[in-house]
Amino acid sequence: MRIFRILKKPITTEKTSVLEMTTNTYVFEVDSSATKIDIKKSVTELYKVEVASVNVLHTREKFKYGKKK
């Protein structure tokens, strides 16, 4: 798989910025079919850093409810 197909975008929120400062942990949105090994290789190749470990969390898409006309 290609790097930019695996790593979609970095997630920047208040929680992730605290993680970056305290534990040097970075959060990315990745392709659902990517494995931990694919993610590790992509981050290493793109950012030229050594990755200690990869944690993966699978979540469902949130549906937005609103008024319909």
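What follows draws every value from the coordinates through simple rules; no lab data is involved. None of these values were measured; they are calculated from a predicted model. A quick note on method: Cβ atoms are made from the backbone with ideal geometry, for glycine too, and the neighbour counts reach across all protein chains shown.
Details
- Dipole magnitude of segment 3-47, debye to nearest 20 (Cβ charges: Lys/Arg +1, Asp/Glu -1, about Cα centre): 120
- Taking a Cβ cut-off of under 15 Å around PRO10, the surrounding Lys, Arg, Asp and Glu residues balance to a net charge of -1, with basic ones at +1 and acidic ones at -1.
- Among THR35, THR23, THR44: highest mean-square fluctuation, GNM of the chain, C-alpha pairs under 10 Å: THR23
- Backbone amide hydrogens, once placed in the peptide plane, bring VAL51 within less than 5 Å of nothing, excluding anything fewer than 5 places away on its chain.
- Residues whose amide H comes within less than 5 Å of that of PHE28, counting only those at least five positions distant or on another chain, are ILE11 (H built at 1.01 Å from N in the peptide plane).
- For the chain, relative contact order (Cα pairs under 8 Å, six or more residues apart, normalised by length) works out to 31 percent.
- Considering only the Cα atoms of the chain, their convex hull presents on average a projected area of 6.5 nm².
- In sequence order, segment 47-53 has phi-based couplings of 9, 6, 10, 8, 8, 7, 7 Hz under the Karplus curve 6.51 cos²θ - 1.76 cosθ + 1.60, θ = phi - 60°, and Gly or Pro positions carry x.
- Positive-pole candidate from ILE11, ALA34, TYR47, dipole of segment 3-47, charges at beta carbon: ALA34
- Counting Lys and Arg as +1 and Asp and Glu as -1 over every other residue whose Cβ lies under 13 Å from the Cβ of ASN55, the net charge comes to +2.
- In sequence order, segment 8-24 has phi-based couplings of 7, 6, x, 9, 10, 9, 5, 5, 5, 5, 5, 4, 4, 6, 8, 10, 6 Hz under the Karplus curve 6.51 cos²θ - 1.76 cosθ + 1.60, θ = phi - 60°, and Gly or Pro positions carry x.
- 21 Å Cα-Cα reach of LYS15 towards lysines, excluding residues that sit fewer than 8 places from it in its own chain: LYS62
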